Amino acid sequence: MPGVFISFEGIDGAGKSTHIEALAQALRGQGRSVTLTREPGGTPLAEKLRTLVLNEPMDAMTEALLVFAARRDHLQQLIEPALARGDVVLCDRFTDATYAYQGGGRGFDEQVLHVLEGWVQALPDSPTLRQPDLTVWFDLDPAIAAQRLAGARVPDKFEAQPVDFFRRVAAGYAQRRTQDPQRFARIDAAQSREAVWQDVLVAVRQRGWLA
Ligand code: TYD
């Protein structure tokens, strides 16, 4: 079976984590081999970069360069080998998060992100870039997400941002979706957890990756 690459996106507090774990179980239950990973992170080096990006103050370009450096290592060491083995790779965030957070949230130049994406996600002997086959986007009103996050745990650098920041992040995701609508499954994350899970299942079943 060919490998499948699925990313999960949404603003902080949109509630994607439990569904990623549940989808991994569902796929494994049908005999698929699953690689569960996240960005920034997924390899020892990329996890070190994650700690820096999430905790140290830095300008938006430094942030963008670090998340793409982490992504490069992650693709080479983990994602590409897993896809070559025929795994389903479930990745908690990928490049759409960079467009949404560094581009939308922080206002960093999208043309530069586009160049970095082109370098980091280039495939050998192919004009196309490595991109997820499906992106499950948990879309939630930033005001609701802020309520969910309040008091949940000690916030990291991004979680501590004001709701206006997350409005720009959400707009960044919406814009990415209009640029590649086929790749995206938008899920209304304001629904009950069970209804959200059913929508996740529908998105994956529609593509024939789950019975
Ligand atoms: P998140 O995925 O929410 O993990 P956790 O559930 O452990 O908090 O945290 C990752 C944070 O990193 C999130 O706030 C978004 C941010 N981020 C970027 O700013 N740019 C990126 O390219 C990526 C992948 C994440």
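Every read-out reported here was derived from the displayed coordinates using simple, explicitly stated rules and does not represent laboratory data. No experiment lies behind these values; they were computed from the predicted model shown. Virtual Cβ from ideal backbone geometry, glycine too; neighbours counted across all protein chains shown.
What percent of all Cα-Cα pairs in region 119-176 falls in each 5 Å bin, counting up from 0?
Going out from 0 Å in 5 Å bins, region 119-176 shows 4, 14, 19, 17, 14, 12, 10, 7, 4, 1 percent.
List, in order, the whole-Hz ³J(HN,Hα) value for each residue of region 175-189 obtained from phi through the Karplus relation with A = 6.51, B = -1.76, C = 1.60 and θ = phi - 60°; use x for Gly and Pro.
With the stated coefficients, region 175-189 comes to 5, 4, 5, 5, 7, 8, x, 4, 6, 9, 10, 7, 10, 6, 7 Hz.
Using packing as a proxy for protection, rank 126-133, 57-64 so that the peptide with the highest average count of other Cβ atoms within 10 Å comes first.
57-64, 126-133
Given R₀ = 22 Å, what would the calculated FRET efficiency be for Ser126 paired with Leu45, taking r from the Cβ atoms and rounding to 0.05?
In this case the efficiency is close to 0.30.
Ignoring everything except DSSP H segments at least 4 long, calculate the 222 nm mean residue ellipticity for the chain; use -39,500 (n - 2.57) per segment, divide by total residues, nearest 500.
For the chain, the value works out to -14000 deg cm²/dmol.
Tell me, rounded to the nearest percent, the portion of alpha carbon pairs in the chain spaced more than 29 Å apart.
For the chain, the share of Cα pairs beyond 29 Å comes to 21 percent.
So, in Å, what gap is there between the alpha-carbon centers of region 1-78 and region 127-204?
With region 1-78 and region 127-204 each reduced to a Cα centre, they are spaced 14 Å.
Could you derive backbone 3J(HN,Hα) for region 81-87 from the dihedral phi with the Karplus parameters 6.51, -1.76 and 1.60 (θ = phi - 60°), listing whole Hz in sequence and x where the residue is Gly or Pro?
Karplus values, whole Hz, x for Gly and Pro: x, 5, 5, 5, 6, x, 6.
Find out how many positive minus negative residues lie around Asp188, taking Lys and Arg as positive, Asp and Glu as negative, among other residues whose Cβ is under 11 Å from that of Asp188.
-2
Give me the Kirkwood hydrodynamic radius of region 1-96 in Å, from all C-alpha pairs, to one decimal place? The partial results should precede the final answer.
On the way: mean 1/r = 0.0714 Å⁻¹.
For region 1-96, the Kirkwood estimate is 14.0 Å.
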